[in-house]
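Report on the structure given below.
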Amino acid sequence: MKRSRKRFPAAIGAVAAAIVMLTTTAAHAAPTDDHLATRAALETFQSAAGPGAAVYAGDSTGSWTLSAGTGTINTTRPVHADEHYRIGSQTKTFTAATVLQLVDEGKVALDRDVDTYLPGTVSGNGYDGTRITVRHLLQHTGGIAAYDPLASVALAEPDGTYKTATLVREGLKRAPVSAPGAGFTYSNTNYLILGMLIEKVTGLPVHEAVTRRIIEPLGLTRTVFPVPGDRALPAPAVPGYHGARIGPFYFWSAVLSYDPSVFSAAGAMISTMRDLSAFYEALMSGKVVSPAALEEMEEVRDIGGGGYGLGIVKVGLSCGGEAWGHNGGVPGYFTHTLVTKDGRHVAAMTNAYLATNPAAQKLTTLLDTALCENRAWTADSRGSAAQA
């Protein structure tokens, strides 16, 4: 594990930097059935990202997939919509949805302090769990400092897995950055604590609670919240890489194996572009939590160009309207999924996460282009541009 510490980028902790870049400035070419504007945006994204990249997009009438580069180095292999990859912080939306289901059931209250459910867990070093609420944790507004679990690989158990309580204690060694409710600071510690809360309230390991409550009922057959100790990607999978790009030159090597329990409820999950689109569509159409709970999730905190709700991000589109979703970055992958309430969806990924994250804005442009091109294409194909 010490060897991997030197090679892994601080990926999941850097997702916050990407989240605040959600404003969109894409200019759109005239759409066609071949999705030329999206294809160009994908190629631009891939040129700054990993060995390969792909986008899966569409609306209620159908979906399509485009791929650029290669899914496996030293080959020419497209990335497909049903191939597995690690989704990083998109896990947070699954965790948040599970918490909101518990709110619907009267087992958790959003504005109750975390000490009610996990006495003494959030304490010391300036933290007071009687002042930090469940809502604060979900929205990253409790003042808990930013924390990348990969910085604590030495905390692994003898079998290589991680105890969430240990990671939380390590995260809380970083002093508070604000009073509860006073500011937004994206921190994985918030969602590690929420994972502990889910386990305490349900009596189930968090991976099992999310699987039973979200993954299985929605029929997400290619979505996995891995059990601690399970480091494998299910087949078919897109291999993840790390490396560097310097102008036209690049170097890739396979990401070393690591145990996903280091990310737990903050970023451990595996899915596909198709399954992620289905999940966010189901969530935003009221099939996962109650209408009242969904309204709570959609109450966003401004984060400078976007809004962060309860485990979900609101993004303004260049063609008007808004989309909802989340991004994620872990060793080997940089991903994002967005959906609109009129039935459009887009999921995109690349099979590397670069420490300097040069592809973040290009990914934002790709997502916007796919959603806006599809909107115009659908309107043109139906002969009713006024409804687009």
Checking Phe251 against (1) over 18 Å from Pro331 (Cα atoms); (2) among the hydrophobic types (A, V, I, L, M, F, W, C); (3) surrounded by fewer than 13 Cβ atoms within 10 Å (Cβ to Cβ), the condition it does not meet: (1)
Hits in segment 300-325 (condition: closer than 18 Å to Gln90 by Cα and in a loop (DSSP other than H, G, I, E, B)): Val300, Ile303, Gly306, Gly309, Leu310, Gly311, Ile312
Considering residues of segment 33-43 that are at pLDDT 95 or above and not hydrophobic (A, V, I, L, M, F, W, C) only, the residue surrounded by the fewest Cβ atoms within 10 Å (Cβ to Cβ): Glu43
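Can you say whether Thr61 is among the polar types (S, T, N, Q), modelled with pLDDT of 50 or more, surrounded by fewer than 21 Cβ atoms within 10 Å (Cβ to Cβ) and under 22 Å from the mean Cα position of the chain (by Cα), as far as the supplied structure shows? Break it down into steps so the answer makes sense when it comes.
Values: among the polar types (S, T, N, Q): yes; modelled with pLDDT of 50 or more: yes; surrounded by fewer than 21 Cβ atoms within 10 Å (Cβ to Cβ): yes; under 22 Å from the mean Cα position of the chain (by Cα): no.
Answer is no for this residue.
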Count of segment 279-311 residues which are buried (at least 23 other Cβ atoms within 10 Å of the Cβ) and in contact with a Gly (Cβ under 9 Å, 6 or more places away or on another chain): 2
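Name the residue, out of Val122, Val153, that is among the aliphatic types (A, V, I, L, M) and within 24 Å of the chain's Cα centre (by Cα). Walk me through how you get there before you give the answer.
Values: Val122 fails: within 24 Å of the chain's Cα centre (by Cα).
Exactly one residue qualifies, and that residue is Val153.
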Meets criteria (of a type outside the set (Ser, Thr, Tyr), touching a strand residue (DSSP E or B) at 6+ places or on another chain (Cβ under 8 Å) and farther than 28 Å from Gly183 by Cβ) for Met269: no
Matching residues, segment 258-282, being within 23 Å of Pro51 (Cβ to Cβ) and either without any contact (Cβ under 8 Å) to a residue 40 or more places away in the chain or of a type in the set (Asp, Glu) (or both): Asp275
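Name the single residue, out of those in segment 284-306 being within 17 Å of the chain's Cα centre (by Cα) and at pLDDT below 95, that is farthest from Pro217 (Cα to Cα). Steps first, answer last, please.
Of segment 284-306, the ones within 17 Å of the chain's Cα centre (by Cα) are 284, 297-298, 300, 303, 306.
So of that shortlist, the ones also at pLDDT below 95 come out as 303, 306.
Details: Ile303: 33, Gly306: 30 Å.
Within segment 284-306, the match that is farthest from Pro217 (Cα to Cα) is Ile303.
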Segment 178-193 residues that are in contact (Cβ under 8 Å) with a residue 40 or more places away in the chain, paired with ones that are among the aromatic types (Phe, Trp, Tyr) and not in a loop (DSSP other than H, G, I, E, B) (beta carbon under 9 Å, 6 or more apart): Phe184/Tyr308; Tyr186/Tyr308
Residues being on the phi > 0 side of the Ramachandran plot and in contact with an Asp or Glu (Cβ under 6 Å, 6 or more places away or on another chain) - total across segment 302-354: 1
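The values are calculated or read from the model by the stated rules, or taken from the named source; none is laboratory data. In this text, all values refer to a predicted model and were calculated from it rather than measured experimentally. Counting neighbours? That spans all protein chains shown, and the Cβs are built from the backbone with ideal geometry, glycine included.
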